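Accompanying notes for the structure given below.
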Amino acid sequence: MLTEKELEVLRRRAAGEGQQAIARALAISQAAVSKFETNAHRKILEASQLLALSEKFGLALEEGLAGKRVSYTKPRKGGGRP
C-alpha cells in the first residue's frame, strides 16, 4: 500500500513537477522525494507481480493478503481452482 507521501509525490510528478519543486513544496529534501518515488514504483511493480501470480495459480488475492496459508497446486486443465 502506498503512503500518503508516496501518493503525493507521484501525483506531483505526473503533473510534471520536478523533484526539487516537490521537495520545496513538501518541505522535505530532494533525496526524500527520490526515495518516496522509488519506493512507490517498487510497490506498484510488486503489486502487479502479485496479481499476475494469483491469476497464474488460480488464487483469490485475498487469501494471500489475509495471511492464510495457501497451497500452490497446478490448476486443472479446464481452468479454475483445484
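Of note:
- Counted residues, the range 3-49 - those being assigned to a helix (DSSP H, G or I) and at positive phi: 0
- Scan of the range 5-59 for residues that are more than 17 Å from the chain's Cα centre (by Cα) and modelled with pLDDT under 95, ordered by number: LYS56, PHE57, GLY58, LEU59
The values are calculated or read from the model by the stated rules, or taken from the named source; none is laboratory data. Here the structure is a predicted model, which means the values were calculated and not measured.
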